[in-house]
1. Those residues that are assigned to a helix (DSSP H, G or I), in contact (Cβ under 8 Å) with a residue 40 or more places away in the chain and under 18 Å from residue 14 (Cβ atoms), I need them from segment 92-113; list them, please.
2. Name every residue in segment 26-41 that is of a type outside the set (Gly, Ala, Ser) and in contact with a Lys or Arg (Cβ under 7 Å, 6 or more places away or on another chain), in order of residue number.
3. Output the residue which, of all residues in segment 78-99 that are in contact with a helix residue (DSSP H, G or I) (Cβ under 7 Å, 6 or more places away or on another chain) and within 15 Å of residue 26 (Cβ to Cβ), is surrounded by the fewest Cβ atoms within 10 Å (Cβ to Cβ).
4. So in segment 40-65, with the set limited to residues that are under 18 Å from residue 108 (Cα atoms) and crowded, with 19+ Cβ neighbours inside 10 Å, which one is nearest to the chain's Cα centre (by Cα)?
5. Taking only pairs six or more apart or across chains, which ones have beta-carbon atoms under 8 Å, a first residue in segment 29-54 that is over 13 Å from residue 66 (Cα atoms), and a second residue that is part of a helix (DSSP H, G or I) and of a type in the set (Val, Ile, Thr)?
Amino acid sequence: MSFKWKEYLDLARFLLQVQGDVSHEASWRCAVSRAYYAAFCHARNYARDRLGYQPAGGAQDHSSLVAHYRSNQSEIADWLDELRSWRNLCDYRDNVYGIDRMPQLAIFSAQQVFDGLE
């Protein structure tokens, strides 16, 4: 049975509610990352199954998928681009400006990708 990528979006929402030994910032960063991958994998599979997109199976798929959507569904490309830039900040930078608002924005953006591809 295939993994349902929307579960990553559900996990991102859950991470905003977590309290305990994990810092808020760690939860926020993880939520942004999961929101991106939920949207990316859903959009990748949708494009592969319905739009003739051929993923290579590597890092280049992140940019090639955006390019694929840019030609006919530019709003999906925009959401994915924005989500990826936020995910990169959260995964690689020591300090992220606006991290307290970023998870909510990422979850909203990821939901837009899901809604736009139904």
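No lab work stands behind these numbers, since they all come straight from the coordinates. It should be emphasised that the depicted structure is a prediction, and the values quoted were computed from it without experimental measurement. Here the Cβ is made from the backbone with ideal geometry for all residues, glycine too, and neighbour counts use every protein chain on show.
1. 102, 103, 104, 106, 107, 109, 110, 111
2. 32, 36 - these are the residues of segment 26-41 that are of a type outside the set (Gly, Ala, Ser) and in contact with a Lys or Arg (Cβ under 7 Å, 6 or more places away or on another chain).
3. Restricting to residues being in contact with a helix residue (DSSP H, G or I) (Cβ under 7 Å, 6 or more places away or on another chain) and within 15 Å of residue 26 (Cβ to Cβ), the top hit is 91.
4. 40
5. 31/107; 35/107
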